[in-house]
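**Student:** Quick one: the structure is below, questions incoming.
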Amino acid sequence: MSEEGREGGSSCRIVVFKERRTMVASVVRKWREISRDAVEKKGFFAAGLSGGNTPEGFYRGIAEQGDTALWDKTYIFLVDERFVPDTHKDSNYRMIRETFLKRVSVPAENIHPIPTVGTDPVSAARKYEEEMSRFFGLSAGELPEFDLLLLGIGRDGHTASLFPGSVALSESRSLVSAVFLDEERHDRITLTLPVINNARNIFFLVTGRDKAEALRGVIEKKNTGLPASLVMPRRGSLLILADFEAATLLSEKEYERG
Ligand code: 6PG
């Protein structure tokens, strides 16, 4: 199923995969296509990566089969981070480093983790915003344009660290927000919706039966209480890649088979 997004030119596709390996292969292929196109057009490829459990296998696949000629022109940012040291078991950067970055030759200076040590969440959000603005050469009020953002969906419909009912959902000026949660989920630093929706390509990676209700809610877009349903790229493309378990509540006419 494809549908026009909010502004002309943006699109949304849902592709459902029977096999995990074909889903990973599809993400790797698209990563290669998007990165090659970005480097050809503007000399660099800027991606934002999410944490959580789902993406681990995809990051390993990209590391194994990514285009080695492009790593030095690849720039990695984080979509969000738990406010813990990068050695903590819950650190997104730790996971991304272990599954992806230590397996590829992306130069250290091209990697932009979110600061979580020797600072506080609000200051860290400001620092990350300044770092992103410098990298993208932004003037006041301008938005960065990531070539690709890899997002997940939580069972409650959150994405990045934008949770249901969060004030960060209505942030319209800042590029990065601090989010204060309970001890188990940790305080967070997250890209805001204006930044996310300004990306050229957004992938949702959704697997497992426990995501089926959230995925149906996001696709039907009847429940704007689900933050992931607010991800609607202004000009770019949104691709939802799911396995059969996560798509179990969708009707076959709603998606393509991968
Ligand atoms: C995080 C992620 C978050 C994640 C969802 C889904 O910091 O947890 O960035 O947005 O994508 O929580 O997580 P799973 O992939 O573990 O289900």
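**Student:** What is the one condition in (1) closer than 23 Å to V24 by Cα; (2) free of Cβ contacts under 8 Å to residues at least 12 places away in the same chain that H88 does not satisfy?
**Tutor:** Single failed check for H88: (1).
**Student:** Please indicate, with yes or no, whether at least one residue in the range 134-143 is among the aromatic types (F, W, Y), open to solvent by 30 Å² or more (accessible area, probe 1.4 Å) and away from the ligand (no atom under 16 Å from the Cβ).
**Tutor:** The answer is yes; a qualifying residue exists.
**Student:** Give the number of residues within the range 209-222 that are in contact with a Lys or Arg (Cβ under 9 Å, 6 or more places away or on another chain) and in a loop (DSSP other than H, G, I, E, B).
**Tutor:** Of the residues in that region, 0 qualify.
**Student:** Across the range 209-235, what is the number of residues that are under 18 Å from the mean Cα position of the chain (by Cα) and open to solvent by 10 Å² or more (accessible area, probe 1.4 Å)?
**Tutor:** So the answer is 7.
**Student:** Which residues, counting only those in the range 85-131, are touching a Phe, Trp or Tyr at 6+ places or on another chain (Cβ under 6 Å), in a helix (DSSP H, G or I) and of a type in the set (D, E, K, R)?
**Tutor:** Once the filter is applied, which keeps residues that are touching a Phe, Trp or Tyr at 6+ places or on another chain (Cβ under 6 Å), in a helix (DSSP H, G or I) and of a type in the set (D, E, K, R), the range 85-131 yields nothing.
**Student:** So which residues in the range 182-199 are at pLDDT 95 or above, out of contact with any helix residue (DSSP H, G or I) (no Cβ under 7 Å at 6 or more places or on another chain) and not in a strand (DSSP E or B)?
**Tutor:** Once the filter is applied, which keeps residues that are at pLDDT 95 or above, out of contact with any helix residue (DSSP H, G or I) (no Cβ under 7 Å at 6 or more places or on another chain) and not in a strand (DSSP E or B), the range 182-199 yields H186, P194, V195, I196, N197, N198, A199.
**Student:** In the range 77-108, what count of residues is obtained for those that are open to solvent by 10 Å² or more (accessible area, probe 1.4 Å), away from the ligand (no atom under 11 Å from the Cβ) and either small (G, A, S) or in contact with a Gly (Cβ under 8 Å, 6 or more places away or on another chain) (or both)?
**Tutor:** The qualifying residues number 3.
**Student:** Right, here's the next one. Within the group G43, G57, G61, which residue is open to solvent by 10 Å² or more (accessible area, probe 1.4 Å) and farther than 25 Å from Y128 by Cβ?
**Tutor:** Of G43, G57, G61, the one residue that is open to solvent by 10 Å² or more (accessible area, probe 1.4 Å) and farther than 25 Å from Y128 by Cβ is G57.
**Student:** Looking at (1) open to solvent by 40 Å² or more (accessible area, probe 1.4 Å); (2) in contact with a helix residue (DSSP H, G or I) (Cβ under 7 Å, 6 or more places away or on another chain); (3) among the polar types (S, T, N, Q), which one does S123 not meet, given that it meets all the others?
**Tutor:** (2)
**Student:** Another question about this same structure. Can we say I202 is touching a Leu at 6+ places or on another chain (Cβ under 7 Å), farther than 19 Å from Y128 by Cα, in a loop (DSSP other than H, G, I, E, B) and β-branched (V, I, T)?
**Tutor:** Against the criterion (touching a Leu at 6+ places or on another chain (Cβ under 7 Å), farther than 19 Å from Y128 by Cα, in a loop (DSSP other than H, G, I, E, B) and β-branched (V, I, T)), I202 does not qualify.
**Student:** Taking the stated definitions as given, is R155 within 11 Å of the ligand (Cβ to nearest atom), modelled with pLDDT under 95 and over 30 Å from A38 (Cβ atoms)?
**Tutor:** Against the criterion (within 11 Å of the ligand (Cβ to nearest atom), modelled with pLDDT under 95 and over 30 Å from A38 (Cβ atoms)), R155 does not qualify.
**Student:** Keeping to the range 45-71, report how many residues are away from the ligand (no atom under 16 Å from the Cβ) and outside any loop (DSSP other than H, G, I, E, B).
**Tutor:** Residues meeting the conditions: 9.
The values are calculated or read from the model by the stated rules, or taken from the named source; none is laboratory data. Keep in mind that this is a model prediction, so the values were computed, not measured. So basically every Cβ, Gly included, is an ideal-geometry build from the backbone, and we count neighbours across all protein chains shown. Surface areas here come from the heavy atoms of the whole protein model, side chains and all, with no ligands, DNA or RNA. Shrake-Rupley method; radii C 1.70, N 1.55, O 1.52, S 1.80 Å.
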